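**Student:** The structure under discussion is supplied below as structure tokens; questions concerning it will follow.
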Amino acid sequence: MPGPSPAHRSALVLLALLFSLAVDGLGDETGRGSGVLIMAIVGGALIPVGMGALADAFDYRVALSSTVLAYAYIAWFAWRGAEPSASSPDHVGG
């Protein structure tokens with residue numbers, strides 16, 4: 001069985017780099033930020049499995065429309081969930 005392709009190897013290096021950049025500068029929140037990042041990676045692995053189950057049980061339209069929930073959560077987090085709290089040292093104004 002052949003080993004991972006060059007594309008897969010470079011993706012692994014890129015994942016480590018992106019992880020480091022994502023948690024850089026989080027200070028005391030590094031553990032929390034890395035946990036959220038790992039949950040996002042796991043979610044990216046579990047959502048396709050759920051979509052496959054929906055496609056088998058119903059049809060592909062239902063499975064593909066189920067991603068609306070995932071994108072709605074991402075949009076909510078981008079607009080509201082990611083707002084810094086008033087106690088955050090980086091919080092400006094308020």
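The values are calculated or read from the model by the stated rules, or taken from the named source; none is laboratory data. Worth saying up front: this structure is predicted, and the values here are computed from it rather than measured. Note that we place each Cβ from the backbone using ideal geometry, even for glycine, and neighbour counts take in every protein chain shown.
**Student:** If you check every pair at least six apart or on different chains, which have Cβ atoms under 8 Å apart with a residue in segment 1-30 that is closer than 19 Å to Val42 by Cβ first and a residue that is loosely packed, with under 11 Cβ neighbours inside 10 Å and modelled with pLDDT under 75 second?
**Tutor:** Between residues of segment 1-30 that are closer than 19 Å to Val42 by Cβ and residues that are loosely packed, with under 11 Cβ neighbours inside 10 Å and modelled with pLDDT under 75, the close pairs are Leu12/Pro4.
**Student:** Here's something else I'd like to know. If the Cβ limit is 7 Å and pairs must be 6+ apart or interchain, which residue in segment 42-66 that is touching a residue at least 40 places away in the same chain (Cβ under 8 Å) pairs with which residue that is assigned to a helix (DSSP H, G or I) and surrounded by fewer than 12 Cβ atoms within 10 Å (Cβ to Cβ)?
**Tutor:** Final answer for the pair search is none.
**Student:** How many residues does segment 49-94 hold that are modelled with pLDDT of 85 or more and assigned to a loop (DSSP other than H, G, I, E, B)?
**Tutor:** The number of residues fulfilling the criteria is 2.
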